[in-house]
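Right, one structure below, let's go through it.
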Ligand code: C5P
């Protein structure tokens with residue numbers, strides 16, 4: 001069984017995906033971490049974010065510990081991730097890993113939960129269940145701001161909001177695998193919901 005969860009930044013898809021994976025004892029893949037790892041390594045190694053060949057080398061050579069990069073969740077890496085994610089050769093270099101994860105979940109698990117932007121549309125169009133998790137921009141920016149503030153109290157809300165708008169626009173308008181709900185995805189708007197309510201709604205979709 002494959003559960004595909006897509007949606008924009010800070011909509012709550014990671015929280016939901018982790019809870020569903022724990023509930024069903026499935027493997028979980030945060031596909032955004034792959035793009036973030038490429039972005040983080042490019043920044044570390046001063047590889048230009050337009051240097052497609054150099055970025056493909058990074059994407060093809062990712063190892064597990066790259067996903068634990070200490071700066072993976074910083075605004076600079078978020079921005080770099082969304083830029084490298086717009087490049088088709090980078091996306092191609094990461095595709096097989098994601099499909100293999102879904103088709104043969106590690107640890108002999110009976111299923112996989114993947115979250116990202118194009119899981120239901122491109123990576124696993126054959127997923128058993130597809131959810132599109134969204135929330136209005138102010139709610140998402142506030143969630144992200146509160147999260148970032150735990151590490152850096154000086155982070156400014158307006159900056160977080162503007163970064164989110166830029167990233168949304170880039171993710172939605174890129175030519176390859178733009179962020180959009182699959183035709184057969186169930187939409188859940190989390191703006192007014194608690195994490196528990198989102199989880200219950202997702203479970204009821206899966207049970208139906
Ligand atoms: O989900 P997260 O915010 O960690 O993803 C970081 C960036 O990676 C996104 O802004 C998006 O540009 C890119 N991404 C993508 N496709 C995915 C997952 C993430 O393009 N499946």
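The values are calculated or read from the model by the stated rules, or taken from the named source; none is laboratory data. The shown structure was predicted, so the numbers you read here are calculated from the model rather than taken from an experiment. Every residue, glycine among them, receives a Cβ derived from its backbone with ideal geometry; neighbour counts consider all protein chains shown.
See the values below:
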| item | result |
| --- | --- |
| Subset of region 161-206 (residues that are in contact with a strand residue (DSSP E or B) (Cβ under 9 Å, 6 or more places away or on another chain) and in a helix (DSSP H, G or I)) | 198, 201, 202, 205, 206 |
| For residue 106: the one exception among (1) surrounded by fewer than 18 Cβ atoms within 10 Å (Cβ to Cβ); (2) at pLDDT 95 or above; (3) within 16 Å of the ligand (Cβ to nearest atom); (4) within 30 Å of residue 56 (Cβ to Cβ) | (3) |
| Subset of region 127-160 [under 30 Å from residue 97 (Cα atoms), more than 16 Å from the ligand (Cβ to nearest atom) and either out of contact with any helix residue (DSSP H, G or I) (no Cβ under 9 Å at 6 or more places or on another chain) or not in a strand (DSSP E or B) (or both)] | 128 |
| Residues (within 12 Å of the ligand (Cβ to nearest atom) and either more than 13 Å from residue 175 (Cα to Cα) or not in a helix (DSSP H, G or I) (or both)) located in region 85-98 | 85, 86, 87, 90, 94, 95, 97, 98 |
| Hey, residue 27 touching a strand residue (DSSP E or B) at 6+ places or on another chain (Cβ under 7 Å) and more than 14 Å from the ligand (Cβ to nearest atom) or not | yes |
| Entirely in region 1-67, the helices (runs of 4 or more DSSP H) that have 1 or more residues that are within 13 Å of the chain's Cα centre (by Cα) and surrounded by fewer than 22 Cβ atoms within 10 Å (Cβ to Cβ) | 13-24, 31-44 |
